[in-house]
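A short worksheet on the structure shown next.
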Amino acid sequence: MQESKKTDILIIGAGPGGYVAAIYAAKKGKKVILVDKARVGGTCLNVGCIPTKAMIQAVNHFYDAQHGHTYGIQVDHVTADLEAIIRHKDDITRSLTEGIIHLLEKHQVTLLNGKARFVSDKVVQVDTEDGIIQIEPEHIIIATGAKTKHLPFATQKSERILDSEQLLSLKKMPQKMIIIGAGIIGMEFAFIFGRLGCEVRVLEFLPRILPTVDKDLSQRLLRFAKEANIQITTQAQVTGIQDRRDHIEVTYIEKEQEKTLSADIVLEAIGRIPETQDLGLENTQIALNPNGGIRVNHSMQTHVEGIYAIGDVTHIIQLAHVASHQALVAVDHILGLDHPMDYEAIPSVIFTTPEIAVTGKTEIELEREGIAYHTHKVPFSASGKALIQNNQFGFIKLIYHPETKALLGASVFGEDAQHLIAPLTMAIKHRLSFEAIKDTIFAHPTLSELIHEGAMGVLGEAIHYLG
Ligand code: NAI
């Protein structure tokens, strides 16, 4: 059976790019069809940001119960039940996806469960359980996300070789695990499983972990990794994985020597690639970048008039909140309002323990771009709240222009970095001067005071540390 539909906007992919675009466009009076081959919410809600953070929350409670004595609380026989942690995480993702489905219904967005494929620049076919639906929309937004990149030799089917999605449904706690790749996914999982008591080995190809953040941040994390049962080998080139039935073996080359490690499971965390396969893009004029992402301009337009792409499928920045913002930019462009994407102040949080958060430019980027900068560090030990939290080992780093004193970037190392990065992002985006920050009152006792203190530090006026 073939049905035909017309609509204002067809959105392919219901992750934080696609569903945000759908609700926003519907709010603006557009007739919207949203299609996804899997569950609403995409990677972020189902197998990414939300479930991993739910697990981290559980692990934090486990840790706090084990270390309550620091605060005078004694808890005996603390155990972690992986199955229960996973069940709790599943409850959270289910309630969030149900919430989104409810919002889509309330906004009269038509939700189709099926696989979309371009027939031409103007027509998309959706293969649903009830047959094929042919859609001729006025505008299309592609928001299909990304999928795990696999090592070329990890193609064998093995229950011991997992990607980050599969790791989230693990039934049994592994005693030993090997993580290939010390990027964001690799390090977040290393801390989750390491703190649950698993012996974690991380193999990273490059000379250091978290290569996208500045060295002082990744260096500081190493100390905490050790305490969390995580052993890291950098400059390790993985050359093979063998499933030996009762364990898995990973071979790698370190300092020209071949070595072998064995474990219960191995996690591949070497990056994610744009989901463009089977979309029928060959039937369109849409162009790809050399990195495999759909080529778009700053208004998220592809090469084809009326077709937009947002989120991980563009391979610009693989972050849910960037996808959601690109959704607003694309829909506004469809509505005739052009406010292009501005990538100057994008916050990013790495949920290791402690957390790392960055926004604006890193030192690495400024050096690459030949832009002069100064840095100023504010130690968490200058904050009473940090001491209360046993969180005095962190710092905020402000990166600013030596002449104009404009804030170019900032990073935070320490618990609650996730909250401190928001005001710093606002300061960069809206060009707040250090004087303006100094002139703002921050509540006491909170970690946010460190931002005020840092601004005063840059001005040579720090009160609570010798800056
Ligand atoms: P990634 O690109 O951040 O890191 C991959 C790491 O694997 C790199 O350090 C790379 O050098 C290493 N690697 C690559 N090939 C290797 C090999 N053969 N042997 C050993 N190491 C190898 O990718 P990741 O961690 O998979 O994350 C994917 C994307 O998801 C990232 O862009 C990240 O921004 C995003 N993400 C964001 C999160 C957040 O904001 N909290 C959480 C999770 C993912």
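For the stretch 240-249, what does the Karplus curve 6.51 cos²θ - 1.76 cosθ + 1.60, with θ = phi - 60°, yield as ³J(HN,Hα) per residue in whole Hz, taken in order and with x for Gly and Pro?
x, 10, 10, 7, 9, 6, 9, 6, 10, 10
Evaluate E = 1/(1 + (r/R0)^6) for GLU256 and ASP64, where r is the Cβ-Cβ distance and R0 equals 30 Å; express this FRET efficiency to the nearest 0.05.
Computed FRET efficiency for GLU256 and ASP64 comes out at 0.10.
Going 7 Å from the Cα of ARG208 in the Cα-to-Cβ direction, what parts of the stretch 156-195 have a backbone nitrogen less than 18 Å from that spot?
Under 18 Å, as judged by backbone N against the label point of ARG208, lie 181-188 of the stretch 156-195.
Which percent of the Cα-Cα distances in the stretch 348-458 go past 26 Å?
Roughly 12 percent, rounded to a whole number.
Once you have the Cα-Cα distance between ARG94 and GLN235, take 0.36 nm times their residue separation minus that, and quote the gain in nm to one decimal.
46.8 nm
Once you have the Cα-Cα distance between ASP246 and THR128, take 0.36 nm times their residue separation minus that, and quote the gain in nm to one decimal.
Full extension from ASP246 to THR128 adds 38.4 nm.
As an exercise, use a Förster radius of 35 Å and the Cβ-Cβ distance of HIS303 and ARG87 to find the FRET efficiency, rounded to the nearest 0.05.
0.15
Across the stretch 28-39, in residue order, what do the Karplus-derived ³J(HN,Hα) couplings come to in whole Hz, using 6.51 cos²θ - 1.76 cosθ + 1.60 with θ = phi - 60° and x for Gly and Pro?
For the stretch 28-39, the Karplus-derived couplings read 8, x, 8, 8, 10, 10, 10, 10, 8, 7, 10, 7 Hz, x marking Gly and Pro.
With r as the distance between the Cβ atoms of GLU344 and LYS226 and R0 = 35 Å, compute the FRET efficiency 1/(1 + (r/R0)^6) and round to 0.05.
Once rounded, the FRET efficiency stands at 0.45.
Taking the Cα centre of the stretch 354-463 as the origin, how large is its charge dipole in debye, to the nearest 20, when only Lys and Arg (+1) and Asp and Glu (-1) carry charge on their Cβ atoms?
100
In deg cm²/dmol and to the nearest 500, what is the mean residue ellipticity at 222 nm of the chain if only DSSP H runs of at least 4 residues count, each as -39500 (n - 2.57), divided by the residue total?
Taken over the chain, the calculation gives -9500 deg cm²/dmol.
Can you give the log10 of the normalised intensity I(q)/I(0) at q = 0.07, 0.09, 0.10, 0.13 Å⁻¹, computed with Debye over equal Cα scatterers of the chain?
Evaluating at q = 0.07, 0.09, 0.10, 0.13 Å⁻¹ gives log10 I(q)/I(0) of -0.41, -0.69, -0.85, -1.31.
Straight-line reach from LYS5: which lysines fall under 19 Å, measuring Cα to Cα and dropping same-chain residues less than 8 apart?
Of all the lysines, those that pass the test against LYS5 - Cα under 19 Å, at least 8 places apart if same chain - are LYS30, LYS31, LYS37, LYS115, LYS122.
Hey, which aspartates and glutamates would be in cross-link range of LYS215, C-alpha to C-alpha under 18 Å, not counting anything within fewer than 8 residues on its own chain?
Excluding near neighbours in sequence, the set is GLU188, GLU204, GLU355, GLU363, GLU365, GLU367, GLU369.
So, in Å, what gap is there between the alpha-carbon centers of the stretch 159-175 and the stretch 1-65?
Rounded to whole Å, the Cα centres lie 24 Å apart.
What does the charge dipole of the chain about its Cα centre add up to, to the nearest 20 debye, if the Cβ of each Lys and Arg holds +1 and the Cβ of each Asp and Glu holds -1?
180
As I understand it, the dipole of the chain uses +1 on the Cβ of Lys and Arg and -1 on the Cβ of Asp and Glu, about the Cα centre. Which of THR314, PRO174, THR212 lies farthest toward its positive end?
So the residue furthest toward the plus end is PRO174.
Residues with amide H under 5 Å of ASP416's amide H, sequence separation 5 or more or different chain, H placed in the peptide plane at 1.01 Å from N; which?
Residues meeting the criterion, in which the H sits 1.01 Å from N, are GLU355.
Per residue, how much accessible area does the stretch 348-458 have with a 1.4 Å probe, in Å²?
For the stretch 348-458, the solvent-accessible area averages 44 Å² per residue.
Summing +1 for each Lys or Arg and -1 for each Asp or Glu, what net charge is found among the other residues whose Cβ lies under 13 Å from the Cβ of GLU227?
Net local charge, GLU227 excluded: +4.
Can you pull the percent of the chain's accessible area that's carbon plus sulfur, 1.4 Å probe, other chains left in place?
Carbon plus sulfur share of accessible area: 51 percent.
Working out 0.36 nm times the residue gap between THR446 and VAL75, then minus their Cα-Cα distance, what length gain in nm do you get to one decimal?
Gain in length upon complete extension: 130.8 nm.
Could you pull the Cα extents of the stretch 161-270 along its three principal axes, largest to smallest, in whole Å?
Computed over the Cα atoms, the extents are 40, 33, 23 Å.
The values are calculated or read from the model by the stated rules, or taken from the named source; none is laboratory data. Note that the structure is predicted; figures quoted are calculated from it, not measured. FYI the Cβ positions are ideal-geometry reconstructions off the backbone, even for glycines, and counts take in every protein chain you see. What goes into the accessible areas is simple: the full protein's heavy atoms, side chains included, and nothing from ligands, DNA or RNA. Shrake-Rupley method; radii C 1.70, N 1.55, O 1.52, S 1.80 Å.
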